[in-house]
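Below is one structure, written out as structure tokens; comments come after it.
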């Protein structure tokens, strides 16, 4: 694994992960939230497409590997504590969420209820067939 | 503590926390990332100003309690897995970061180095005096 200084400067948590926010590079919409380990971040930078660490499957997860909804990375930011990453991305297909919506943040709190306020652009059955 | 259904629908992690992204309600800039426990989220909704859980100090942290840089909450979103919260906020003073910058995400990866690309708006010594 690379010993790159910029990778050492990231403060990985006890599990070797950092939280990652993916934001649309043009509209600035927050599209999703995921995690990366060191290898995922390195591959993301090398390849220019977002690769995350799936905590549930415990393996690298090339975003879009099943759906085709890859994410081209336009810019990478690190926060003041060096422990959160922000990706500015171009979302292939305009769909980041596995529910077929543009963004994962489609539930809005209104009068004490979470309401799904964003439309499903494509049926997940069509995406993951 | 409240037994509100909307609070029960949030999937709190093993430590009783959720990651929270704070985004400028107007410009859509991602300003900071923090954590909330159930009480923090409930107080945030009740009071309309962001209250986080400080993992380092292990106590509730009213954003701006020292700096005056409070965050008025305009909208609250929850992601598709119910385990990440997005706040759309109005940032008092236009400064979210303890370094005196507008956003915490001021380090940009350029040619294998993290470069601070956003200006310090106010000297932290002036903010936390």
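The values are calculated or read from the model by the stated rules, or taken from the named source; none is laboratory data. Computed from a prediction, not measured in an experiment: that's the story for all the values here. Here the Cβ is made from the backbone with ideal geometry for all residues, glycine too, and neighbour counts use every protein chain on show.
Just a few scattered comments:
- Of the listed requirements (1) buried (at least 19 other Cβ atoms within 10 Å of the Cβ); (2) not in a strand (DSSP E or B), residue B:34 misses just one: (2).
- Qualifying residue in region B:68-88 (condition: more than 23 Å from residue B:40 (Cα to Cα), facing chain A (nearest Cβ under 7 Å) and either surrounded by 15 or more Cβ atoms within 10 Å (Cβ to Cβ) or touching a helix residue (DSSP H, G or I) at 6+ places or on another chain (Cβ under 8 Å) (or both)): no
- Given (1) surrounded by 14 or more Cβ atoms within 10 Å (Cβ to Cβ); (2) assigned to a helix (DSSP H, G or I); (3) more than 18 Å from the chain's Cα centre (by Cα), index of the condition residue B:126 fails: (1)
- Which numbered condition residue A:34 misses (of (1) within 14 Å of chain B (Cβ to nearest Cβ); (2) over 21 Å from residue B:13 (Cα atoms)): (2)
- On inspection, residue A:17 fails the criterion of being under 27 Å from residue B:24 (Cα atoms) and in contact with a helix residue (DSSP H, G or I) (Cβ under 8 Å, 6 or more places away or on another chain).
- Hey, residue B:96 under 29 Å from residue A:113 (Cα atoms), within 13 Å of the chain's Cα centre (by Cα) and buried (at least 22 other Cβ atoms within 10 Å of the Cβ) or not: yes
- Restricting region B:13-60 to residues that are in contact (Cβ under 8 Å) with a residue 60 or more places away in the chain and under 13 Å from residue B:78 (Cβ atoms), the residue that is farthest from the chain's Cα centre (by Cα) is B:18.
- Within region A:89-107, if we keep just the residues that are part of a strand (DSSP E or B) and without any contact (Cβ under 8 Å) to a residue 40 or more places away in the chain, the residue that is farthest from residue A:46 (Cα to Cα) turns out to be A:107.
- All positions within region A:60-84 that are in a strand (DSSP E or B) and under 22 Å from residue A:99 (Cβ atoms): A:61, A:62, A:71, A:72
Conditions (1) over 28 Å from residue B:101 (Cα atoms); (2) at the interface with chain B (Cβ under 9 Å from one of its Cβ atoms); (3) modelled with pLDDT under 95, marked per residue:
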| site | (1), (2), (3) |
| --- | --- |
| A:45 | no, yes, no |
| A:53 | yes, no, no |
| A:90 | no, no, no |
| A:102 | yes, no, no |
| A:108 | yes, yes, no |
| A:117 | yes, yes, no |
| A:120 | yes, no, no |
| A:125 | yes, no, no |
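- Residue count for region B:2-14, restricted to those that are in contact with a helix residue (DSSP H, G or I) (Cβ under 8 Å, 6 or more places away or on another chain) and surrounded by fewer than 16 Cβ atoms within 10 Å (Cβ to Cβ): 2
- Conditions (1) touching a strand residue (DSSP E or B) at 6+ places or on another chain (Cβ under 8 Å); (2) away from chain A (no Cβ under 11 Å); (3) assigned to a loop (DSSP other than H, G, I, E, B): number failed by residue B:14: (1)
- Residue, nearest to the other protein chains (Cβ to nearest Cβ), within region B:19-30, restricted to residues that are surrounded by fewer than 23 Cβ atoms within 10 Å (Cβ to Cβ) and part of a strand (DSSP E or B): B:19
- Scanning region B:108-118 for residues that are assigned to a loop (DSSP other than H, G, I, E, B) and either more than 21 Å from residue A:74 (Cα to Cα) or touching a helix residue (DSSP H, G or I) at 6+ places or on another chain (Cβ under 9 Å) (or both) gives a single hit, B:112.
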